[in-house]
Amino acid sequence: MRWCLALLLCCFLAAVNALSSSGSRLLVVLDDSTEKSSFSTLWSDLEGRGYDVSFESPKSDKLSLFEHGERAYDHLLVLPPKSKGLGPNLTPKHILDFLNKDGNILLALSGKSATSSAVSSLLLEADVHLSSDRSAVVIDHFNYDTISAAEKHDVLLLQRPGSLRPDIKAFFDGEGVLALPRVAPQTLGGESALVAPILRAPNTAYAYNPKEEIPAAEDIEATGSQLNIVSTMQARNSARFTVLGSVEALEDKWFSASVKTPNGQKTTTVNREFAKQLTAWTFKETGVLKVGEIKHHLVTDGEVALEDLNPKIYRIKNETFFSIEISEYSYDKWVPFELPADDELQLEFTMLSPFHRLALEPTSRTETSTVYSTKFVTPDQHGIFSFRVNYKRPFLTSVEEKHEVTVRHFAHDEYARSWAISAGWVWIAGLWSVIGGFLAFVVVWLYSAPVADKTKKTQ
Amino acid sequence: MHLWQATLPFCLLASAALPAAAASGWGFTDATVAVQPKGAGINGGFKEQFSSSKPLSKAVSFAGADTLRVTLTTQEGSSAKRPHQAFLLLQDAHSGLDISYPFTVKENGKSRVELTQKELPLQFLHLADPVDARVVIGSFGSSEAYDSSVFKLSIDRDPHVPIPTVEPARYGKLPEIHHIFRDAPSNPTIIITLAFVAMVAAALPVLAGLWLLLGANVNHLPTAFKNAPLPHALFLGSLIAFEGIFFLYYTSWNLFQTLPAAAAAGAVAFLSGSRALGEVQGRRFAGLR
């Protein structure tokens, strides 16, 4: 009986091990089963990583993202439907509600047919824009597959993207060439910090509607690296919304196709690895941060007693120590979080506005986390302050910690004594000379004999 | 001659592993770049010819109100033809910014693009170094596309005319802030303090000297102690003890330690003081004072 239980527990743990950090229920919305079979490797890869994949047609009546007001699935993968729109159960509002409830979404587009206006308006909510006629395809006459698209040049061959900026972790990098057939390009709004491109088109690329003969100069809306092939929006609740321009890139056919650029070698695509990176990131297997223990206390030599840890009150000009423990989820386990080279984890000591903003340095590592810490002197301003760690970066879930403490004045007995202040010496000398003078006067008054001639005069 | 013509593509093929069909590539001829200042005539301003083999060595200056005009004739192989893509691509090597301006191409390959600074994205106006102007010509099929730098474009603008800065919100590290503490309270120079301390301390000897000059003395001390030794000793002692208590209060005691001690010393001073002062009164009655 006992070993039976142990075995069950082991199985359970193994199943839990290979899961996303935010659940395993994945809903795939696709038109019909013929479509399903052409993505079989993707499904088996996802199931192999522990996802519980269910398939629904957008037309199905049973399809609902919510059950009793709660999410019925943790993740959503939407393939472009053949029909117009995604149906009444997947309106942009439903999908946004799903996102607002921490559900992750991978939305695939296709340049084969025009994208529906429902999808386009959903993307607008995320500040991701499609071309105005929603049927553009990215063409590049320099990086195309000469085997499958010798004439049309609409199968892009691109390197896997590196890091977006030097201070951002690369989650999608690696060797090898990606094949991206018939990409529906997206452009991103410039104002939002929540959107980020994963893969951009090369600078010689452009988009055009294949139904038109030759694009007029004024028809070209965006070119080069303004066109995004894969873009993302990570909402404020860290829910992820990824838009993949080319659904065909996920097909079995392209997972290991042989391709050849106009002046390159024949190679095999790495679409399968990229699909793994993309789905893993979108479904929160990578780039997820977790805050462990947060400690703050006065700087002391040696160990800090438990009652001195995380005090509610500090004094002005106290030397203070702060540390935060951060772990990062990587596919199936928590690992120590390492900062990218140019980045900083910053601590703010804030009352309305930050008085200090300091870089936290990694000081120690455990098996699953890194401890970042710093020391600083509390400002000479009393009030209600807070220790804030507000770490928001593209591709990483946000870390927002706020711990309030009081900073008080000096108590009456904490100021320097008057003899330590050299300007006070005059006052101290005056005081003691008065005391000395008083004692001398008392002695003289008590014991002085009258001077002889003076007494005579008065008498 | 024929042999040479045949070997050239072959060499290209071998070196770049081009498909044989891609031997004919896109290119252009009759290319000129002109910068026409505002108000200048058709032929006013800068005008220069360039070709794909001979890019301009000097950067083309493109100032505030100028119009940049690039004209060329696109060719496939050596025959003029209209391509699907004919772009003037501006690229900043440093930041990786790029933007393309499509040529208006006629059926016979004659292409032309006009550009003013208003059409440039703001980011380009902030660049200090000249940007790379490239011509990109490509089309469907097997003909090799053309992409090469043809001149450097120096985007000059009047430094007195402000342009809006572009700083879109992006998550990243913020500048460090270190709180600037108020200055510590300052003391005057120690010499000045010591001079005043000396002046204050000097008051006591000056007082003593003056009293002595006026004839102050302690001649009655033996008499007083003979008449009432205990009250005088206790009274003087209690006064000194008072000062001692004040000293301890100043340095280390708190009020609850000070008050009982002061009360005790006070009681002693009251009791012994009335006796001691009685003795002083006795001396006055005796005519000694």
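Per residue and in cubic angstrom, what volume does the convex hull of the Cα atoms of the range B:175-289 have?
Details: hull volume 18.6 nm³, N = 115.
Output value, Cα hull per residue: 162 Å³.
Dividing the Cα radius of gyration by the Kirkwood radius, what Rg/Rh value follows for the protein assembly as shown? Present the calculation step by step, with values, prior to reporting the outcome.
Details: Rg = 44.0 Å, Rh = 34.0 Å.
Ratio value, two decimals: 1.29.
Could you check the simple spin-label distance between B:Ala195 and A:Ser398, using points 7 Å along Cα→Cβ, in nm with one decimal?
A separation of 6.3 nm, rounded to one decimal place.
Between B:Val206 and B:Lys118, what is the label-point separation in nm under the 7 Å Cα-to-beta-carbon projection?
With each label point 7 Å from Cα toward Cβ, the separation is 8.6 nm.
Give the calculated FRET efficiency between A:Glu67 and A:Arg236 to the nearest 0.05, with a Förster radius of 30 Å applied to their Cβ-Cβ distance.
Numbers: r = 25 Å, r/R0 = 0.82.
FRET efficiency, A:Glu67 to A:Arg236: 0.75.
More than 16 Å apart: what percent of Cα pairs in the range B:241-289 qualify?
Details: 608 of 1176 pairs.
That tail contains 52 percent of the Cα-Cα pairs.
What residues qualify as long-range amide H neighbours of A:Arg315, i.e. H under 5 Å apart, gap of 5 or more or another chain, H built at 1.01 Å from N?
It is A:Arg408, by chain and number.
Per the Kirkwood treatment, what hydrodynamic radius in Å, one decimal, follows for chain B from the mean inverse distance over all distinct Cα pairs? Walk me through the intermediate numbers first.
Numbers: mean 1/r = 0.0338 Å⁻¹.
Kirkwood hydrodynamic radius for chain B: 29.6 Å.
With axes computed from alpha carbons, what is the tilt in degrees of helix B:2-16 against the longest principal axis of chain B, rounded to the nearest 10 within 0 to 90?
Roughly 30 degrees, rounded to the nearest 10.
Where the convex hull is taken over the Cα atoms of the range A:18-284, what is its projected area averaged over directions, in nm²?
Projected over every direction and averaged, the Cα hull of the range A:18-284 covers 14.0 nm².
Dimensions of the range B:25-155 along principal axes (Cα, Å, largest first)?
Over the range B:25-155, Cα extents along the principal axes are 40, 36, 25 Å.
Between B:Ile163 and B:Glu48, what's the calculated FRET efficiency when r is the beta-carbon distance and R0 is 30 Å? Round to 0.05. Walk me through the intermediate numbers first.
Details: r = 27 Å, r/R0 = 0.91.
FRET efficiency, B:Ile163 to B:Glu48: 0.65.
Run the paramagnetic zone check for A:His382: 7 angstrom along Cα to Cβ, then residues of the range A:400-416 with backbone nitrogen under 18 Å.
A:405-416
Which residues in the range A:387-413 have a backbone N closer than 14 Å to a point placed 7 Å from the Cα of B:Asn254 along the Cα-to-Cβ line?
Answer for this model: A:412-413.
For the range A:198-262 and the range B:229-289, what is the separation of their Cα centres, given in Å?
99
Calculate how steeply helix A:2-17 sits against the longest principal axis of the alpha-carbon atoms of chain A, using the helix alpha-carbon long axis, and give the answer as 0 to 90 degrees to the nearest 10.
Tilt relative to chain A: about 90 degrees.
Whole angstrom only: what separates the Cα centroid of the range B:120-178 from the Cα centroid of the range A:271-316?
If you average the Cα positions of each part, the centres end up 39 Å apart.
Count charges around A:Ser64 for me, please; just the other residues with Cβ under 15 Å from its Cβ, Lys/Arg as +1, Asp/Glu as -1.
On the way: positive: A:Arg25, A:Lys59, A:Lys62, A:Arg71, A:Lys93, A:Lys101; negative: A:Glu56, A:Asp61, A:Glu67, A:Glu70, A:Asp74, A:Asp97.
Local net charge: 0.
Here is the link list: A:Lys169/A:Lys333; A:Lys101/A:Lys284; A:Lys62/A:Lys101; A:Lys112/A:Lys152; A:Lys82/A:Lys260; A:Lys62/A:Lys82. Which ones come out longer than 24 Å on Cα distance?
From the list (A:Lys169/A:Lys333; A:Lys101/A:Lys284; A:Lys62/A:Lys101; A:Lys112/A:Lys152; A:Lys82/A:Lys260; A:Lys62/A:Lys82), the Cα-Cα distance tops 24 Å for A:Lys82/A:Lys260.
Please work out the C-alpha center-to-center distance from the range A:400-456 to the range A:339-394 and express it in whole Å.
46
Given H placed on each backbone N at 1.01 Å, which residues far from B:Tyr146 in sequence or on other chains put an amide H within less than 5 Å of it?
Amide H neighbours of B:Tyr146, under 5 Å, 5+ apart: B:Trp26, B:Ile137, B:Gly138.
Counting partner chain Cβ atoms within 10 Å of every residue's Cβ in B:173-183, what's the average?
Working: counts 11, 6, 2, 7, 10, 7, 12, 3, 6, 3, 0.
Whole-number average of other-chain Cβ neighbours for B:173-183 is 6.
Can you tell me which of A:115-125, A:133-143 comes out highest on packing, and rank the rest after it, using the mean Cβ neighbours within 10 Å? Walk me through the numbers on the way to the answer.
On the way: A:115-125: 18.0, A:133-143: 22.7.
So the order, starting with the most tightly packed, is A:133-143, A:115-125.
For a quick check: with amide H placed at 1.01 Å from N, whose amide H comes under 5 Å from A:Ser246's, ignoring anything fewer than 5 positions away on the same chain?
It is A:Leu109, A:Ala184, by chain and number.
Please enumerate, by chain and number, the lysines with C-alpha under 18 Å from the C-alpha of B:Lys47, excluding those fewer than 8 residues away in the same chain.
Leaving aside lysines fewer than 8 places away in the same chain, those within reach of B:Lys47 are B:Lys38, B:Lys58, B:Lys110, B:Lys152.
Would you mind computing, in nm to one decimal, how far apart the modelled labels at A:Val451 and B:Asn108 are, each placed 7 Å from Cα along Cα→Cβ?
13.3
Applying 1/(1 + (r/R0)^6) with R0 = 41 Å to the Cβ-Cβ distance of B:Asn187 and A:Ile294, what FRET efficiency is obtained, to the nearest 0.05?
Efficiency, from the Cβ-Cβ distance: 0.50.
Compute the convex hull volume of the Cα atoms of the range A:287-408, divide it by the residue count, and report the result per residue in Å³ as a whole number. It would help to have the intermediate numbers written out before the result.
Values: hull volume 13.3 nm³, N = 122.
In the range A:287-408, the Cα convex hull volume per residue is 109 Å³.
Which residues in the range A:113-132 place their backbone N less than 18 Å from a point set 7 Å from the Cα of A:Asp31 along the Cα-to-Cβ direction?
Of the residues in the range A:113-132, A:113-120 have backbone N under 18 Å from the label point off A:Asp31.
Which angle between 0 and 90 degrees, to the nearest 10, do you get for helix A:271-282 versus the longest principal axis of chain A when only C-alpha atoms count?
It works out to around 40 degrees.
Quick note: the coordinates plus some simple rules give every number you see, no bench work behind them. Computed from a predicted model, the values in this text were never measured in an experiment. Quick reminder, even Gly has a Cβ in these numbers, built from the backbone with ideal geometry, and neighbours come from all protein chains shown.
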